[in-house]
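Participant: Please read through the structure below; I'll follow up with questions.
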Amino acid sequence: MTAQLFRRPRLAFLWIALVPVALTIIGFWVGRQFEDEISWISHTYAVRTAIRETVLLAWNAERDLRNYVLTGQDLYLRNMEADMNQEPKHLEELRRLTADNPIQQRNVARFKPLLDTKIAELRRIVNLRNTGGVSAALSPAEVDRSQRLVEEIRGVTRDMMEEEERLLLGRTRLESRLGWRAATVFASAIFVTLLLLFWAGRLAKRYAGQRDLAELALQQKVAEIETLNRQLELSVAERTAELEESNQKLAGAYVASRLLACIVESSDDAIIGSSLDGIIQTWNSGAERLYGYKPEEVLGHNVSELAPPDRLHEESDILERLSSGERLESFDAVRLCKGGKPVEVSLTISPIHDEAGQITGASHVARDTTEQKRQADMMRQTQKLESLGVLAGGIAHDFNNLLVGILGNASLALEQIPSDSSARMSINEVLKASDRAAALTRQMLAYSGRGRFILERIDLSTYVQETIPLIKAAIPRTVELRLDLDEDIPAIEADAAQVQQLVMNLVINGAEAIPDGKPGTVIIATRRQTIDVSHVGAQVGAAAGTGQLKPGSYALLEVSDTGSGMDEATRTRIFDPFFTTKFTGRGLGLAAVLGIVRGHSGSIQVSSASGHGTVFRVLFPAKEDAIAGPLRNQQVTRDLTGRGVILVIDDEEIVRRMARQALEHYGYSVLLAEDGERGLEVFRQKPDRIQCVVLDLTMPVMSGEQALPRLKSVRADIPVILSSGFSEAEAVERFQGMGLEEFIQKPYKAATLAEKVRDVIARANPPRRADSQAGHVA
């Protein structure tokens with residue numbers, strides 16, 4: 001019974017609460033209906049107004065036309081033209097207002113061509129007036145035709161106005177019905193509300209008796225709720241502390257993620273994020289610099305579009321392997337920049353995992369390795385040339401030692417046999433062959449950069465001009481030599497013979513590059529070249545030299561031809577010894593050119609392509625100021641005999657034997673040592689008896705460079721002749737300030753050695769002292 005009493009007042013109050021809600025909903029619905037109807041009625045009036053304005057403009061234009069016909073005044077034409085210019089705008093407004101009415105749209109479709117015809121007619125009249133003047137009057141037929149168009153426009157307008165009247169009438173009736181329905185609904189709702197209020201008043205009396213019991217129960221519930229509230233506050237405090245800790249972790253994670261994003265954006269590497277199907281989703285600044293595309297140009301595209309045509313499936317295959325969980329190592333690849341330019345990259349493709357550990361995408365990290373590989377190729381080429389230079393220098397050194405024995409003994413034998421002996425011819429042939437072998441070793445030493453250079457100041461343009469007659473005899477007549485020589489070119493410090501060989505080799509090489517029998521041109525140019533910091537280390541084509549060029553002034557020799565050119569494989573080997581694309585047996589060729597350039601601290605650069613000829617550019621350091629002249633040997637007397645003890649220190653037995661025979665032939669006593677350490681021991685035993693030391697530069701145990709200061713420490717005035725197959729200038733520079741008296745270039749003849757010894761002894765020792773010491777030789 002109690003539960004039933006509680007349910008009844010609740011139900012009454014529920015109905016009382018629902019009635020205002022229902023009245024509000026009904027009122028809102030009725031208001032919306034009225035608002036829609038009022039909007040439709042306003043829309044109808046707007047359409048009628050637009051129709052009237054459109055017809056009024058057409059009527060005004062027709063009126064102005066008639067006034068113009070009657071008066072001929074231009075004012076009416078201008079008014080007519082202004083009205084016609086507004087017609088399209090009003091017509092477009094009319095089309096917009098009637099967009100939801102198919103009938104009116106058809107009327108507008110009928111109205112538009114009539115209006116366009118009317119506008120065209122009126123414009124034709126204006127043009128006729130502007131071109132024909134006042135005398136260009138309108139014919140009655142034209143006036144009638146214009147009037148008929150106006151009538152047709154009015155007819156279409158009447159149809160549109162009738163349609164709008166019909167719509168307005170229907171909507172007005174609907175509005176009346178809505179008003180009647182709303183009044184009925186509101187009256188019914190008020191009656192039901194009064195009944196419910198009466199019912200609720202009766203139930204309220206019954207409900208008052210139960211209210212006290214309910215309040216008591218409510219107080220008990222409030223006490224329970226307060227207890228629960230305190231417990232909840234404690235739980236909330238604990239949860240708040242946990243949330244604060246979590247927020248701090250999230251803030252740290254956010255800072256870390258922002259830092260990671262900044263690192264990715266600031267990276268020089270191209271970092272691209274893609275989905276597993278290859279769609280590009282992120283694109284950092286490094287990718288924009290490497291590939292040339294802005295993010296908006298590539299986002300949403302497939303990453304395989306960056307691959308060259310022959311590698312289109314490379315990315316998709318990698319992503320497929322990546323999605324299956326396979327781990328991939330970094331690899332070298334080729335990708336295309338904007339515009340189609342290929343770029344070599346080191347590519348690392350890694351999976352991107354979500355919080356659950358699932359692979360959701362891939363990161364592509366690409367680093368441009370084009371310059372790195374170019375530098376590595378250049379380094380390998382330089383190391384190869386340097387190793388070949390070391391090999392050539394070593395071979396030349398050993399070969400020179402052999403030639404010392406051959407040339408020295410042959411020259412000594414030639415002096416000892418009678419002048420009428422038949423053996424003299426054979427020995428002369430041996431000497432000629434030895435001279436040719438010595439020339440070959442000089443080329444090998446030039447390639448190694450350690451040849452014998454006699455340096456002097458040279459005007460490169462003048463010297464090239466003087467060398468041309470020697471070259472013309474060695475090239476085909478179909479090849480034309482052209483000179484482009486700069487007169488204002490700085491002087492260089494060089495060996496004239498080596499420069500002549502360099503010019504001849506380059507020009508002949510260019511002439512031979514032109515196909516036999518076909519005309520061609522070899523251009524020889526010289527000019528001043530300034531190298532600044534931005535050009536230091538820059539290389540074009542195949543390049544070689546003694547390290548990087550220093551900033552400063554240089555003399556440039558450029559030899560270009562119109563020959564068949566070279567491909568990349570050929571161009572990388574042109575400086576290899578004995579390499580040639582012609583017939584075999586060509587010798588060192590460009591290898592010797594490279595050695596000459598390196599020996600002069602210069603640089604050589606080559607540019608060539610198949611079918612486009614070749615250009616060699618040689619840079620020599622300029623010498624703006626005057627320099628010392630070349631080293632010259634002092635002239636000696638014809639009599640090469642002498643007396644005294646000579647110490648010969650050389651690691652080659654054949655050299656030591658030849659030196660002993662040669663010097664003993666000319667009257668000297670000779671002591672021998674196979675290395676610097678042994679020579680120092682021999683010298684310490686007889687320091688005052690030894691008149692001169694012939695010291696080899698390169699030896700095991702103790703080199704000549706190490707032995708010379710030790711010899712001088714024992715006896716400071718001992719004259720020393722340095723013997724080497726390498727550059728005299730290099731030896732003199734290395735031994736500067738160490739008391740070196742003379743230098744003898746290997747290979748040498750017996751007379752040359754005796755001449756050097758006689759010369760240094762004559763400068764260092766009085767003849768009387770030499771005579772007295774000669775008698776004590778064991």
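Participant: What is the extension gain from VAL701 to ARG374, computed as 0.36 nm multiplied by their sequence separation minus the C-alpha to C-alpha distance, in nm to one decimal?
Facilitator: That pair, VAL701 and ARG374, stretches by 113.7 nm at full extension.
Participant: What is the local net charge at ASN284, summed over the other residues whose Cβ is closer than 11 Å to its Cβ (Lys, Arg +1; Asp, Glu -1)?
Facilitator: The answer is -3.
Participant: Loop only by DSSP, 16 or fewer other Cβ within 10 Å of the Cβ. Give me the trypsin sites (Lys or Arg not before Pro) in the range 319-375 that pass, ordered by residue number.
Facilitator: Hits after loop and neighbour filter: ARG327, LYS338.
Participant: Based on C-alpha coordinates, I'd like the Rg and Dmax of the range 248-356, in Å.
Facilitator: 15.0, 51
Participant: Same structure again: Order of 672-679, 460-467, 744-751, 100-107 by packing, highest average Cβ count within 10 Å first?
Facilitator: Ranked by mean Cβ neighbours within 10 Å, highest first: 744-751, 672-679, 460-467, 100-107.
Participant: Could you tell me the calculated FRET efficiency between ARG106 and GLU297, based on Cβ-Cβ distance and R0 = 45 angstrom, to the nearest 0.05?
Facilitator: 0.40
Participant: If you average the C-alpha positions of the range 197-232 and of the range 67-122 separately, how far apart do those two centres end up, in angstrom?
Facilitator: Here the answer is 77 Å between Cα centres.
Participant: Obtain the nm distance between the two label points defined at GLU226 and ALA22 by a simple spin-label model: each point lies 7 Å from its Cα along the Cα-to-C-beta direction.
Facilitator: 4.3 nm
Participant: In addition: Which entries in LYS712/LYS756; LYS686/LYS746; LYS550/LYS712 show an alpha-carbon gap greater than 31 Å?
Facilitator: Numbers: LYS712/LYS756 19 Å; LYS686/LYS746 27 Å; LYS550/LYS712 37 Å.
Over 31 Å apart, Cα to Cα: LYS550/LYS712.
Participant: If contacts are Cα pairs under 8 angstrom and at least 6 residues apart, what is the relative contact order of the range 304-371 in percent?
Facilitator: It rounds to 25 percent for the range 304-371.
Participant: Related question: Could you list which residues have their amide H under 5 Å from that of GLY602, counting only those 5 or more apart in sequence or on another chain, with H placed in the peptide plane?
Facilitator: Under 5 Å from the amide H of GLY602: THR546.
Participant: Extension gain LEU328-GLN736, at 0.36 nm per residue separation less the Cα-Cα distance, in nm?
Facilitator: Extra length from LEU328 to GLN736 when fully extended: 140.9 nm.
Participant: Here's something else I'd like to know. Of all the accessible heavy-atom surface of the range 307-380, with the other protein chains kept in place and a 1.4 Å probe, what percent is carbon and sulfur?
Facilitator: On the way: 2330 of 4620 Å².
Ligands and nucleic acids excluded, carbon and sulfur give 51 percent.
Participant: Taking Rh as the Kirkwood radius computed over C-alpha pairs, what is the Stokes-Einstein D of the range 234-297 at 20 °C in a medium of viscosity 1.002 mPa s, expressed in µm² per second?
Facilitator: So the translational diffusion coefficient is about 149 µm²/s.
Participant: Moving on to the next point. Please sort 270-282, 686-698 by packing, taking for each peptide the average over its residues of neighbouring beta carbons within 10 angstrom, highest first.
Facilitator: 686-698, 270-282
The values are calculated or read from the model by the stated rules, or taken from the named source; none is laboratory data. For clarity, every value in this text was computed on a predicted model and none was experimentally measured. Backbone-built Cβ (ideal geometry, glycine too); neighbour counts: all protein chains shown. Just so you know, the surface numbers come from the protein's heavy atoms only, side chains and all, with ligands and any DNA or RNA stripped out. Shrake-Rupley method; radii C 1.70, N 1.55, O 1.52, S 1.80 Å.
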